[in-house]
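The values are calculated or read from the model by the stated rules, or taken from the named source; none is laboratory data. As the structure is a prediction and not an experimental result, all values here were calculated from the model. When we count neighbours, we look across all protein chains shown, and the Cβ atoms used for this are built from the backbone with ideal geometry, even at glycine. Remember, those area values only see protein heavy atoms, side chains included, never the ligands or the DNA or RNA. Shrake-Rupley method; radii C 1.70, N 1.55, O 1.52, S 1.80 Å.
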Amino acid sequence: MSRVGKKPIPVPDKAKISYKDKVLTVQSDKGSLTREIHPAVDLEIADGFIHVTMLNESKENRALQGLTRSLVANMVTGVSTGFERVLEINGIGYRAELKGKSIVFNLGYSNPITFDLPEGVSATSEKNNVVKLSAIDKELLGRTAASIRQLRPPEPYKGKGIKYAEEYVQRKAGKTGTK
């Protein structure tokens, strides 16, 4: 039973919601997001809240109700406050440098790696080893952060690589010589 799907989504005053022909559009001063809603669920917008309802009762529709509620809530949160993801770069000589709409990474390979940011994602670099990504679309932000992390995932022996700020890298003991 979906308990998440039954919760109403509060709409901030500065967000404008339009729902027509199973297409939801959420607009604000930060930007606009559009998503097509699955035919098994429907949205009701009233009194500053969005309610996600199922058209008929089944196990799949209950799952879709919770999924749709989460996606719509992320859209509303994204256009009102936005999302942010912080990546840390660990390793001697490892660093990142912003150049326009791209980030140049030095990650111990023979050549630097240039990563072009997708449209809608912006980056700031406080130090050479911390990159902050921000966007209004949570899905796009997560996919971009995962692509950057995949350039050099953290390794378990020295912890070198790119990791999320809240991520913990389980360290392993190295080889021990015995005589």
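A compact table of results
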item	result
Qualifying strands (runs of 3 or more DSSP E) (wholly inside the range 63-172; at least 3 residues being without any contact (Cβ under 8 Å) to a residue 12 or more places away in the chain)	none
Failed item in (1) open to solvent by 20 Å² or more (accessible area, probe 1.4 Å); (2) at pLDDT 90 or above; (3) over 30 Å from Asn129 (Cβ atoms), with Ile45 passing the rest	(2)
Residue match in the range 65-73 (condition: over 21 Å from the mean Cα position of the chain (by Cα) and surrounded by fewer than 18 Cβ atoms within 10 Å (Cβ to Cβ))	no
Matching residues, the range 48-61, being surrounded by 15 or more Cβ atoms within 10 Å (Cβ to Cβ) and of a type outside the set (Val, Ile, Thr)	His51, Met54, Asn61
Hits in the range 126-139 (condition: over 16 Å from the mean Cα position of the chain (by Cα) and open to solvent by 40 Å² or more (accessible area, probe 1.4 Å))	Glu126, Lys127, Asn128, Asn129
Number of the exception - Leu33 against (1) in a strand (DSSP E or B); (2) free of Cβ contacts under 8 Å to residues at least 24 places away in the same chain; (3) not β-branched (Val, Ile, Thr)	(2)
Residues that are polar (S, T, N, Q) and either farther than 22 Å from Pro118 by Cβ or open to solvent by less than 50 Å² (accessible area, probe 1.4 Å) (or both), drawn from the range 75-107	Ser80, Asn90, Ser102, Asn106
Residue ID - farthest from Val11 (Cα to Cα), chosen from residues in the range 24-38 that are open to solvent by 30 Å² or more (accessible area, probe 1.4 Å) and touching a helix residue (DSSP H, G or I) at 6+ places or on another chain (Cβ under 9 Å)	His38
Some residue of the range 121-137 being over 30 Å from Thr25 (Cα atoms), at pLDDT 85 or above, touching a Lys or Arg at 6+ places or on another chain (Cβ under 8 Å) and not acidic (Asp, Glu)	yes
From the options Val76, Val23, Val104, Val72, residue that is under 30 Å from Asn129 (Cβ atoms) and modelled with pLDDT of 90 or more	Val104
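Residue-wise test of (1) open to solvent by 20 Å² or more (accessible area, probe 1.4 Å); (2) touching a strand residue (DSSP E or B) at 6+ places or on another chain (Cβ under 7 Å); (3) within 30 Å of Leu43 (Cα to Cα).
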{"residue": "Tyr109", "(1), (2), (3)": "yes, no, no"}
{"residue": "Thr114", "(1), (2), (3)": "yes, yes, no"}
{"residue": "Ala145", "(1), (2), (3)": "no, yes, no"}
{"residue": "Ile148", "(1), (2), (3)": "no, yes, no"}
{"residue": "Glu167", "(1), (2), (3)": "yes, no, no"}
{"residue": "Ala173", "(1), (2), (3)": "yes, no, no"}
